[in-house]
Amino acid sequence: MSQSQRLFDVLQILRRHRQAVSGNYLAQETGVSLRTIYRDIALLQSMGAEIEGESGFGYVLKPGFMLPPLMFSEEEIKAIALGVQWISRQTDEGLASAAHNALSKIDAVLPSELRHKLVDNDFHVGRTMLPTPAIDLKLLRQAMQQQMKLRIVYRDSKDADSERIIWPIAVAFFDSRRIIAGWCELRQDFRMFRADRIQRTELLADRYPGQRRELVRQWRLQVVEGEQQNATP
C-alpha cells in the first residue's frame, strides 16, 4: 500500500469514530507498525489535519479537513457502478438520474485505462417488476426530508381499508416489496406499511415534531427488542 493511500485510510478510520482511536488499532487496520502510524499522524497534522491526541491516548479528527482526491481502486469502481445500477432500477426517477449524473462525473476524472470498469461489472441487478404503488417515492422522500405528515388509505391483509396519518421516517427495499416505516397516529406507535397496500396518499401541510433521525433510532430499538423477544424460548 502506498503512503498516500495509507494516509487516506487513516483519515477514513478517524472519520468513522467519534471517540479516540488508538494507535494500535490504526496500525492493525492499515497493516503497518505503530511507529509508522506515529509518523503518519505527524505528517497529516503538518498538512493541516486537526488531529487531537497523542501516543498512548488515541486520536480524534476534527471535522472539515479534506485531502486532495485520490484515485478509486478497481474494487471501488465496481462497487460504485453496482450501486448506481441498483438505484436506477429500484428507486424513483429523481434518484436514478442523480446516480447516473454522479457516475458521469466519476467517468470524467478516471484515467482511460480504468473507465471500462464502470460498465464491465461482475454483478448484475435485475429489474424487479413491482406493482405500481399509489405512493410516489419522490413524494415519500420529500415527506421524510421535510418531516411532513402523510394521510394514507391502507388496505390490510384482510382487504379492510383504514385511513391513517403517518410520520414517514424510513423506506426498506426487499426483492418483492417496499416497506415504509413511520409513526402511526391511529395506533400511537411505530408501524411498517407495505407500499403496495397503500391505496391513496396525500401530503399534508403539517410537520411532525422532533427529529427524524431520533425517531429512526427509537424505531430500530423497538425492532431489535421485538426480535429479541421472539427469539427467547
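The values are calculated or read from the model by the stated rules, or taken from the named source; none is laboratory data. All of these numbers come straight from a predicted model, not from anything done at the bench. For neighbour counting, all protein chains shown are included, and Cβ atoms are generated from backbone atoms with ideal geometry for every residue, glycine included.
Is it the case that segment 94-117 has a residue that's under 21 Å from GLN5 (Cα atoms), surrounded by 12 or more Cβ atoms within 10 Å (Cβ to Cβ) and either free of Cβ contacts under 8 Å to residues at least 12 places away in the same chain or polar (S, T, N, Q) (or both)? Yes, because at least one residue in segment 94-117 is under 21 Å from GLN5 (Cα atoms), surrounded by 12 or more Cβ atoms within 10 Å (Cβ to Cβ) and either free of Cβ contacts under 8 Å to residues at least 12 places away in the same chain or polar (S, T, N, Q) (or both).
Tell me, which residue of segment 156-168 that is surrounded by 15 or more Cβ atoms within 10 Å (Cβ to Cβ) and not aromatic (Phe, Trp, Tyr) is farthest from the chain's Cα centre (by Cα)?
Within segment 156-168, the first condition is being surrounded by 15 or more Cβ atoms within 10 Å (Cβ to Cβ), and the residues that meet it are 164-168.
Then drop every residue that is not not aromatic (Phe, Trp, Tyr), which leaves 164-166, 168.
On the way: ARG164: 28, ILE165: 26, ILE166: 23, PRO168: 17 Å.
The qualifying residue farthest from the chain's Cα centre (by Cα) is ARG164.
Close Cβ contacts (under 9 Å, 6 or more residues apart or on different chains) running from residues in segment 9-28 that are in the same structural domain as GLY56 (by TED's automatic domain parsing) to residues that are among the basic types (Lys, Arg) and assigned to a helix (DSSP H, G or I) comprise ALA27/ARG35.
Being surrounded by 11 or more Cβ atoms within 10 Å (Cβ to Cβ) and touching a Ser or Thr at 6+ places or on another chain (Cβ under 6 Å) is a condition met by no residue of segment 191-204.
Considering each residue of segment 196-211, count those that are among the aliphatic types (A, V, I, L, M) and closer than 13 Å to VAL153 by Cβ, and give that number.
Taking segment 196-211 first, the residues among the aliphatic types (A, V, I, L, M) are 198, 203-205.
Still in the list and also closer than 13 Å to VAL153 by Cβ: 198.
Residues flagged as among the aliphatic types (A, V, I, L, M) and closer than 13 Å to VAL153 by Cβ within segment 196-211 amount to 1.
Going through (1) of a type in the set (Val, Ile, Thr); (2) out of contact with any helix residue (DSSP H, G or I) (no Cβ under 9 Å at 6 or more places or on another chain); (3) surrounded by 12 or more Cβ atoms within 10 Å (Cβ to Cβ) one by one, THR30 falls short only on (2).
What about LEU140, is it surrounded by 17 or more Cβ atoms within 10 Å (Cβ to Cβ), closer than 18 Å to GLY94 by Cα and touching a helix residue (DSSP H, G or I) at 6+ places or on another chain (Cβ under 9 Å)?
Numbers: surrounded by 17 or more Cβ atoms within 10 Å (Cβ to Cβ): yes; closer than 18 Å to GLY94 by Cα: yes; touching a helix residue (DSSP H, G or I) at 6+ places or on another chain (Cβ under 9 Å): yes.
Against the criterion (surrounded by 17 or more Cβ atoms within 10 Å (Cβ to Cβ), closer than 18 Å to GLY94 by Cα and touching a helix residue (DSSP H, G or I) at 6+ places or on another chain (Cβ under 9 Å)), LEU140 qualifies.
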